[in-house]
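Can you keep this structure in mind? I'll have questions shortly.
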Amino acid sequence: MASSTATVRPNQAPVKVICVGLGRTGTFSLSKALETLGFGPAYHLTTLVHERNDFPFWMRLSENGGSPEQFDDIFAGFVSILDYPAVMHAAELLEAYPEAKFIFSDRDPAKWEQSIHSTFMDLVDLAKREDNSPLVKDFLDWGINCVGISPQTA
């Protein structure tokens with residue numbers, strides 16, 4: 001391994017692996033494999049949805065960008081990062097964690113699109129509900145835009 005010239009920040013998150021593949025390309029299975037191999041815990045979309053309330057951070061980041069220190073705060077304790085919404089900020093993650101190993105996962109485009117539509121169409125329906133809180137509505141709208149599904153054409 002080459003010696004590093006990167007400066008370690010105070011409180012830098014221990015990120016070692018970043019998967020820059022889109023959701024529905026095997027990222028959940030990969031997150032479990034990485035954890036089994038000692039590269040856990042993994043920050044995955046499922047972490048965001050089921051374990052943490054990081055929605056406001058990701059919404060601010062999508063509007064204003066983020067600093068390495070902000071990533072350190074959100075990824076404190078995580079060794080690997082996969083899936084949405086982190087994948088949308090690959091260049092910023094490379095800047096924040098230049099020593100991390102990057103994995104790219106992909107899938108046949110037609111099969112990926114079919115999987116996205118079958119998985120996320122429920123989100124489109126949920127986003128159309130009038131009784132959502134503003135935070136939930138904003139996050140669902142943002143997520144739908146990330147995967148490129150238009151509620152008007154769904």
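Using a simple spin-label model with points 7 Å from Cα along the Cα→Cβ vector, what separation in nm is obtained for Asp125 and Thr46?
2.3 nm
Here's a follow-up. In terms of modelled amide H atoms, which long-range or inter-chain residues lie less than 5 Å from the amide H of Ile103?
When sequence neighbours closer than 5 places are left aside, the close amide H contacts are Ile18, Cys19, Val20.
Which three extents, in angstrom, do the Cα atoms of segment 1-115 have along their principal axes, listed largest first?
Cα spread of segment 1-115 along its principal axes, largest to smallest: 43, 35, 24 Å.
Now for a separate question. Which whole-Hz couplings ³J(HN,Hα) result when phi for each residue of segment 60-73 is put into the Karplus expression 6.51 cos²θ - 1.76 cosθ + 1.60, θ = phi - 60°, listed in order with x for Gly and Pro?
Each residue's phi maps through the Karplus curve to give 5, 4, 5, 8, 10, x, x, 9, x, 5, 5, 5, 4, 4 Hz.
Given points 7 Å out from each Cα along the Cα-Cβ axis, report the Met59 to Asn132 separation in nanometres with one decimal.
Taking the two extended label points, one gets 1.0 nm.
Can you list residues whose amide H is under 5 Å from Tyr84's amide H, if they're 5+ apart or on another chain and H is modeled 1.01 Å from N?
Residues meeting the amide H criterion: Gly23, Leu45.
Placing +1 on the Cβ of each Lys and Arg and -1 on the Cβ of each Asp and Glu in segment 17-103, which of Ser67, Ser80, Leu93 has its Cα farthest towards the positive end of the resulting dipole?
The listed residue farthest towards the positive side: Ser80.
Bear in mind that the values in this text are calculations on the coordinates, not laboratory data. Because the structure is a prediction, the values reported are computed rather than measured. A quick note on method: Cβ atoms are made from the backbone with ideal geometry, for glycine too, and the neighbour counts reach across all protein chains shown.
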